[in-house]
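> Sending over a structure as structure tokens; questions will come in a sec.
What follows is calculated from the coordinates using simple rules that are stated; it is not laboratory data. In this text the structure is predicted, and so the values were computed from the model without any measurement. Methodologically, a virtual Cβ is constructed for each residue, glycine included, from the backbone with ideal geometry; neighbour enumeration extends over all protein chains shown.
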Amino acid sequence: MRRAILRIIFIIAAGVVFGLFLPARSYSQSTFDDTYDYDNVYDGYDVDDYGGNPFENPDDEIQEDTTTKKPKVRKPLESYFFDDSVRQYHNFKWSVDTYRNRVKMSNIDTLLNNLQLDFPFERNGVGDAYQGPLGGASVPYSYFDRPQFQDFSFARGYYSYYWTPDNAPYYNVKSPFTQFQYYTAGQKIMAEENFEIRHAQNISPSSGFNFDYKSRGTRGQYEWQKMRDKNLSVGFSHTGKKYTIHAGYIYNAVLNQENGGVTDDRLITDTVIDLTKAIPVRLMDAENTIKNNTYYVVQSYGIPLRRLTDEDFSIADRSSVFVGHVFEYDRWFRKYNDTKAESGDFYENWYINPTITADSVFESRLTNRVFVQLQPWDRNGVIGTIDAGAGVDMHKFYMFDPNYFISGNRHEQKETSYYVYGSIDGKVSRYFNWGGDIMFHPAGYKSGDLQFGANASLSAYIKGRPVTLSGNLSIDRVSPDYWSQRYFSNHYVWRNSFDKENETRFEVKLDIPAICFEVKAMSSVVTDKVYYDENAMPAQHDSNVNVSGVYAYKGFRIPVRNSELRLDHRVLLQWSTSQKVIPVPQAAAYLSYYFEFNIVKNVLRCQLGVDGRYTTEYYAQGWNPATAQFYNQREKQIGDYIKADLFLNAKWKRMRIFLKLEHANEDMFGSRHYFTVPDYPLNRRIFKYGFSWSFYD
């Protein structure tokens, strides 16, 4: 506790010192929050700066005042990405689409809601099955949320932690923005910690830079369970009237000890052992290290087909042609270590060395692609944009192979893939949106791969509030990833020649935000599915598998005197025609019930409540440390357990604070089957606390 308090004091002091050295320049005197600014978006800009005559009589002779510095002309935000509704925000956040000349808007997290959800995957749907502590691997309960088509599949289990060029954040802020977050839990020897810092600053209304750094992990409640994920995203953006550039650097690292799970589940389910460190585990010196470096630049230039005037801050509503280029370099590295002395009989085979393992793999990808976007009329018109592009990916793979080692050559495989793609989308007023996209690999490493998608949405407005019905269709024919085809390591060796996977997905969703309601039906038919079987080896199913699901969200808001009772429900139902190939729980749910109330109006607001998570019993996927893959084990069914967390969230001006008793019901109602991944128990009851502090100038 003392150590945590000292860290908090240090972080606050560092924030104050850091804030003192930030430039005080501001484009607006307004506060920084997530609400609309209903004042004129150009408040603070003198019309005389744009050519108005500041003198009552222009014929009068005016003596220039050389002692006063002329006010600097400040231009408004000029961008074809952001319309007036977005410009009205004091601050906003987005990520860039690296294939199309588009951006994807998102929210800056300064709100009170969901502050208690410190695991990143807990905020999506009904959540994930995971290893237990913060920083471990996870896999979504929903088949339709599981990561697809990732080249470096060894990092797939950590998908919710790392940055990519497609989700790296960019900000536009009226004044410099800095945010610190620090959460901690548990005793010193098993402490769990989450530290985040982000800073964003505009150097002009259209240009800015930012960085986001996260360090999340634990020392572990059980032996040899230390985990740490580190993620850094540094970005620069300029979104001008015609020219736009997004450039960035990303670093992701996973540094995890792998204990292989407990040796006997009955030590958890049937026996009460006070010291978790006394429960034996399967591995005592295995380690997984994954590192990634990514550099990227996405830029485009717009050529209006009609002449612009000085009053035009955007070409979004003008006929235009855009040309662009994307450069991206990804480098992934993974190393796995263990010894025979501490692994025992966990692994059956020791192909390279009978006493020690030091497996390493490497993958890189150099991407260059060009694109053209035609905007026939209005960017939000019936035919808004038509996109076309072509690219080349140069892949490099490396792994140790004794056959190449004896000859003195490294087993370094080089592959090149060529592809073309296109898309079209549009809007009919605010009532109907539609779009479609296609990508095809005519030659190279992924020759014959085809991905097609189509979407449409229909909106109606009842008393000005939208009711939206939308649908999505995707048809994919893709090559299995490189590492499922060939791999040589100390414990596992395979060489496969799999066919391409074929999958057709369809989704229909009804969304009514005004009453906090959403429901969607999903269906997928997969042919030649590649998966990791009960032996943790890649395999391919030679027939069809159908997965169907229904997801629903409903929130209730019930006034209770000067407070509000909120009841949020997320429920997922799923059916798989082959649990052996695609295992899913038949039902999964996340419920959050809490009171929200003011202690001091407009100063201190709080939430007090409980979160509950549940899945039905099923053959959940197991985790294999040597391959860093979830596999379809068929020995144990787990689930049918409710995990409950008590929490208190508070927002005091610009600081958010949370207190949480995680797994509050541990060992309270008889059942102790708290596993979501076989052999990996969830954390026992643990008290967490932390804060998030934002600085706006």
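> If you take the square roots of the eigenvalues of the alpha-carbon gyration tensor of the stretch 625-697 and sort them as a ≥ b ≥ c, do you get rounded (a/c under 1.5), prolate (a/b over b/c) or oblate? Could the numbers behind the result be given before it?
Values: a/c = 4.12, a/b = 1.79, b/c = 2.31.
It comes out oblate by the Cα gyration axes.
> Taking square-rooted eigenvalues a ≥ b ≥ c of the alpha carbon gyration tensor, is the stretch 574-673 rounded, prolate or oblate, where a/c under 1.5 means rounded and, failing that, a/b exceeding b/c means prolate? Don't jump to the answer; show the numbers that get you there.
On the way: a/c = 2.76, a/b = 2.41, b/c = 1.15.
The shape class here is prolate.
> By counting other Cβ atoms within 10 Å of each Cβ, how are ARG613, ARG654 ranked from fewest to most? Write down the numbers at each step before the final one.
On the way: ARG613 21, ARG654 15.
Ascending Cβ contact count within 10 Å gives the list ARG654, ARG613.
> Take LYS463 and ASP542, extend 7 Å from each Cα along the Cα→Cβ direction, and tell me the distance between the two endpoints in nm.
Inter-label distance under the simple model: 6.1 nm.
> Moving to a separate point now. Modelled label-to-label distance, ILE386 and ASN349, 7 Å Cα→beta-carbon offset: nm?
Here the modelled spin labels are 5.4 nm apart.
> What do you get for the angle between helix 2-20 and the principal long axis of the chain? Use alpha-carbon atoms, 0 to 90 degrees, nearest ten.
30
> Still on this structure: Computed FRET efficiency, Cβ-Cβ of LYS636 and ASP285, R0 22 Å: what is it to the nearest 0.05?
0.30
> May I pose another question? With no solvent and one point on each alpha carbon, what is the Debye value of log10 I(q)/I(0) for the stretch 335-472 at q = 0.12, 0.19 Å⁻¹?
-0.74, -1.11
> Only residues of the stretch 181-201 count here: report those whose backbone N is under 19 Å from the spot 7 Å along Cα→Cβ of LYS653, or say none.
Residues passing the 19 Å test: 181-182.
> Would you mind checking the stretch 682-697 for residues with the amide N under 15 Å from a putative spin-label position 7 Å along Cα→C-beta of ILE599?
690-692
> Looking at the square roots a ≥ b ≥ c of the eigenvalues of the Cα gyration tensor of the stretch 172-259, which shape do they give, rounded for a/c under 1.5, prolate if a/b is larger than b/c, or oblate?
oblate
> From the cross-link list LYS446/LYS529; LYS335/LYS500; LYS104/LYS427; LYS396/LYS529; LYS601/LYS653, which pairs have alpha carbons spaced over 19 Å apart?
LYS335/LYS500; LYS396/LYS529
> Pulled fully out, how much extra length does the chain show between SER563 and LYS414, if you take 0.36 nm times their separation in residues and subtract their Cα-Cα distance?
Details: separation 149, 0.36 × 149 = 53.64 nm, distance 6.23 nm.
Difference between extended and current length: 47.4 nm.
> Considering only DSSP states other than H, G, I, E and B, which trypsin sites (Lys or Arg not before Pro) in the stretch 259-328 qualify as loop sites with at most 13 other Cβ atoms within 10 Å? It would help to have the intermediate numbers written out before the result.
Details: sites: ARG266, LYS277, ARG282, LYS291, ARG306, ARG307, ARG318; in loops: ARG282, ARG306, ARG307, ARG318.
Qualifying residues, ordered by number: ARG306, ARG307.
> Would you mind ranking LEU510, LEU648, LEU682 so that the residue whose beta carbon has the fewest other beta carbons within 10 Å leads the list?
LEU510, LEU648, LEU682
> Next up: Using the beta-carbon distance between LYS396 and VAL372 and R0 = 25 Å, what value does 1/(1 + (r/R0)^6) give for FRET efficiency, to the nearest 0.05?
Given R0 = 25 Å and the Cβ-Cβ separation, E is 0.30.
> Let me ask something else about it. Given the chain, what whole percent of its Cα pairs are spread farther than 52 Å?
For the chain, the share of Cα pairs beyond 52 Å comes to 13 percent.
> Continuing with the same structure: Which ³J(HN,Hα) values in Hz, rounded to whole numbers, follow from the phi angles of the stretch 650-666 under the Karplus curve 6.51 cos²θ - 1.76 cosθ + 1.60, where θ = phi - 60° and Gly and Pro get x?
9, 10, 10, 6, 9, 10, 10, 10, 9, 10, 8, 9, 7, 6, 4, 8, 4
> I need the peptides 633-644, 249-260 ranked by packing, meaning the mean over residues of other C-beta atoms within 10 angstrom, with the highest value on top.
Ranking, from highest mean packing down: 249-260, 633-644.
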